[in-house]
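Here the structure comes first, spelled out in structure tokens, and everything after it is commentary.
The values are calculated or read from the model by the stated rules, or taken from the named source; none is laboratory data. Note that the coordinates shown come from a computational prediction; the quantities given were computed from them, not determined experimentally. Note that we place each Cβ from the backbone using ideal geometry, even for glycine, and neighbour counts take in every protein chain shown. Ligands, DNA and RNA are stripped out before the accessible areas are found, and what is left, the full protein with its side chains, is counted by its heavy atoms. Shrake-Rupley method; radii C 1.70, N 1.55, O 1.52, S 1.80 Å.
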Amino acid sequence: MSILKRDEPGIIVAFDMEDMPVAIELAEELEYAKGNFAIKIGRTCEMQLGWHAIERIKLATSLPLIYDGKIADIPHISERIAAIAYRSGADCVIVQGFVGRDVISAIRKLEMGDLIVVVEMTHPGSSDYLDYAAERIAKDLNYIGVDGVVLPATKPDRIKKLKEILPSDVYVISPGIGAQGGVIGDAILAGADYEVVGRAITEADDPAHRATEIYDEMIERWKKSSL
């Protein structure tokens with residue numbers, strides 16, 4: 001059973017800050033935010049303390065933790081990276097899809113938590129190469145078995161197209177909301193299960209309150225679309 005819930009849309013808060021006390025404080029505060037939340041720990045946060053960063057944030061919250069190392073190495077090394085992240089408290093890890101089926105399968109065999117695969121990225125330059133590979137990756141995931149995928153909130157049309165190819169039982173998380181130009185709710189309406197929001201929350205005066213506001217805005221759009 002997947003760690004991330006799919007019964008209603010959610011917000012994943014991207015922890016890309018370099019101040020660990022701030023990260024730990026925000027993790028504690030998000031416990032009281034109203035809504036379906038998870039935390040994604042990026043490399044800039046992780047690099048402050050290594051795997052201890054995951055461990056310390058895990059101690060501060062009961063929310064699901066995603067290690068966003070965007071793992072991209074040979075199978076043996078990728079498997080070791082993922083295992084360290086899982087043991088440190090990550091409920092999910094993210095791996096780049098372009099590295100190939102052998103890498104994805106090696107991490108899948110660990111069976112230590114959710115496995116999320118990057119199919120396509122948010123920035124404009126990713127279209128130079130990943131657009132050509134994304135559909136092949138999406139098709140291959142029907143035979144590998146993963147829990148979730150990353151699709152760009154900045155490209156809602158791509159979410160719709162790739163969802164038609166992906167396995168029906170995987171969840172979709174979509175980064176790129178706010179600073180990168182993605183609009184709150186657009187990815188959910190295109191078929192995503194979670195929207196990933198970073199600076200719009202973490203740099204707010206009251207991050208937990210802002211997280212609730214963004215969640216409410218997203219849910220309102222989702223409910224209106226269902227009428």
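The Cα-based radius of gyration of the chain, divided by its Kirkwood radius, gives an Rg/Rh of 0.94. Which log10 I(q)/I(0) values, to two decimals, does the range 10-85 give at q = 0.20 Å⁻¹ under the Debye formula with one point per Cα? So the normalised log intensities are -0.82. Alpha-carbon geometry of the range 104-201: the Rg and the Dmax are 13.1, 37 Å, given in that order.
Among L151, L26, L115, the largest mean-square fluctuation in a Gaussian network model of the chain (Cα springs under 10 Å) belongs to L26. Nonpolar atom fraction for the chain, defined as the carbon and sulfur part of the 1.4 Å probe accessible area, stands at 50 percent.
Of the GluC sites (Glu not before Pro) found in the range 127-227, those that fall in a DSSP loop while having at most 12 other beta-carbon atoms within 10 Å are E164, E203.
Cross-chain or 8 or more residues apart, Cα under 14 Å: how many lysine pairs in the chain fit that? Count them up, please. Each step should come with its number before you reach the end.
Values: K40/K58; K40/K70; K139/K161; K139/K163; K155/K163.
Summing the qualifying lysine pairs gives 5.
Where in the range 1-107 are there chymotrypsin sites (Phe, Trp or Tyr not before Pro) that are in a DSSP coil and have at most 10 other Cβ atoms within 10 angstrom of their Cβ?
The qualifying sites are Y32.
Its Cα centre serving as origin, the range 1-56 has a Cβ charge dipole (Lys and Arg +1, Asp and Glu -1) of approximately 280 debye.
In percent, how large is the relative contact order of the chain, given Cα pairs closer than 8 Å and 6 or more residues apart?
Details: 445 pairs, mean separation 44.0, N = 227.
Answer for the chain is 19 percent.
Each helix, a run of at least 4 DSSP H residues, gives -39500 (n - 2.57); summed and divided by the residues of the chain, these come to -12500 deg cm²/dmol at 222 nm. Take the chain with all the other protein chains still there, run a 1.4 Å probe, and you get 47 Å² of accessible area per residue. D19 exposes around 70 Å² of accessible area when a 1.4 Å probe is run over every protein chain in place.
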